[in-house]
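Enquirer: Right, I'll just put the structure down here and ask away after.
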């Protein structure tokens, strides 16, 4: 006579012990064996928080798997228990605790960066709301330093022009907060300056109105304008606005016959400078 007082071996292959997840469809797999008698799949029962969920499983001769979509879980801590009997009536059991968390963490903050700037390397920083972060720098994901228990920071190298940043907090199971964003313009380029008449022109009159048109992402400092005409400082004679300056060369200040030289120096709000020399020939004494 075979005497069997040993319960069948029943175990959770999935999920792992003490699983915390944000996936409500996490896999559940049970396997069962018996060294002496036979584990009886027909006796398998799986309980979620004390309620039988046998119908939510595809039960085979040696294992049972959760059927997708057949088990509904709310956020929180859940207890999975299972039992199975062998042919001798011995009962094996197994237990798992699972935490389902689909709640995103609070969004971090980002300190408003200085923009525009002429400095190519800056440090972004803000208040922490989690222990993990995802930062996008011009569309590329990069790591973040956790400066203190309350603050995060990230040193970035800017590209010329507009640079975009967004930061999300991530919790331990991968839930992401709403993103906070910032934009920084790097301007290390001299102002764009257009001189009229065009440099190199041959002019037919000594009377000329010179127009300077400028633009710059950081804005031009009109007070930085310096104009030297044929060796004399004409800066104060030019009427200026945010987009340019103009002056009519006539009478005693008219162009001279032959060669004339106009040098224009200009700076933007960040100190980037441009210097242009325009040479002209006057072919008429009018």
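The values are calculated or read from the model by the stated rules, or taken from the named source; none is laboratory data. In this text, all values refer to a predicted model and were calculated from it rather than measured experimentally. For neighbour counting, all protein chains shown are included, and Cβ atoms are generated from backbone atoms with ideal geometry for every residue, glycine included.
Enquirer: Within the set of pairs 6 or more residues apart or between chains, which connect a residue that is in contact (Cβ under 8 Å) with a residue 40 or more places away in the chain inside the stretch 272-285 to a residue that is assigned to a loop (DSSP other than H, G, I, E, B) and buried (at least 18 other Cβ atoms within 10 Å of the Cβ) with Cβ atoms less than 7 Å apart?
Expert: Taking only residues 6 or more apart or on different chains, the pairs are 272/187; 272/191; 274/191; 280/255; 282/206; 282/255; 285/206.
Enquirer: In the stretch 121-167, how many are outside any strand (DSSP E or B) and buried (at least 16 other Cβ atoms within 10 Å of the Cβ)?
Expert: Result for the stretch 121-167: 5.
Enquirer: Checking residue 213 against (1) assigned by TED's automatic domain parsing to the domain that holds residue 250; (2) assigned to a loop (DSSP other than H, G, I, E, B), which single condition isn't satisfied?
Expert: Single failed check for residue 213: (2).
Enquirer: Output the number of the condition that residue 77 fails; it satisfies all remaining conditions of (1) assigned to a strand (DSSP E or B); (2) closer than 30 Å to residue 150 by Cβ; (3) in contact (Cβ under 8 Å) with a residue 24 or more places away in the chain.
Expert: Every condition holds for residue 77 apart from (3).
Enquirer: Another question, if that's okay. In the stretch 246-259, is there at least one residue being farther than 16 Å from residue 204 by Cα, free of Cβ contacts under 8 Å to residues at least 40 places away in the same chain, in contact with a helix residue (DSSP H, G or I) (Cβ under 8 Å, 6 or more places away or on another chain) and part of a strand (DSSP E or B)?
Expert: yes
Enquirer: Can you name the number of the only condition in (1) in a loop (DSSP other than H, G, I, E, B); (2) farther than 30 Å from residue 183 by Cα that residue 271 fails?
Expert: (2)
Enquirer: Is there a residue in the stretch 16-31 that is exposed (fewer than 14 other Cβ atoms within 10 Å of the Cβ) and part of a strand (DSSP E or B)?
Expert: Looking for residues that are exposed (fewer than 14 other Cβ atoms within 10 Å of the Cβ) and part of a strand (DSSP E or B), one finds none in the stretch 16-31, hence no.
Enquirer: Which one of these is on the phi > 0 side of the Ramachandran plot and in contact with a strand residue (DSSP E or B) (Cβ under 6 Å, 6 or more places away or on another chain): 34, 49?
Expert: Answer to the check: 49.
Enquirer: Restricting to the stretch 2-15, and then to whatever is touching a residue at least 24 places away in the same chain (Cβ under 8 Å) and part of a loop (DSSP other than H, G, I, E, B), can you tell me which residue is nearest to the chain's Cα centre (by Cα)?
Expert: Only one residue fits best here, namely 15.
Enquirer: Of 196, 201, 177, which residue is surrounded by 15 or more Cβ atoms within 10 Å (Cβ to Cβ) and without any contact (Cβ under 8 Å) to a residue 40 or more places away in the chain?
Expert: From the options 196, 201, 177, the qualifying one is 196.
Enquirer: In addition: In the stretch 59-68, which residues are part of a strand (DSSP E or B) and within 43 Å of the chain's Cα centre (by Cα)?
Expert: Once the filter is applied, which keeps residues that are part of a strand (DSSP E or B) and within 43 Å of the chain's Cα centre (by Cα), the stretch 59-68 yields 64, 65, 66.
Enquirer: Go through the residues of the stretch 223-245 one by one and say whether even a single one is assigned to a helix (DSSP H, G or I) and closer than 30 Å to residue 120 by Cα.
Expert: Looking through the stretch 223-245, at least one residue is assigned to a helix (DSSP H, G or I) and closer than 30 Å to residue 120 by Cα.
Enquirer: Can you name the residue in the stretch 37-56 that is free of Cβ contacts under 8 Å to residues at least 40 places away in the same chain and not in a strand (DSSP E or B) and, of all such residues, is farthest from residue 96 (Cα to Cα)?
Expert: That would be 55.
Enquirer: Still on this model: Got a number for residues in the stretch 212-224 being closer than 14 Å to residue 190 by Cα and buried (at least 20 other Cβ atoms within 10 Å of the Cβ)?
Expert: Of the residues in that region, 4 qualify.
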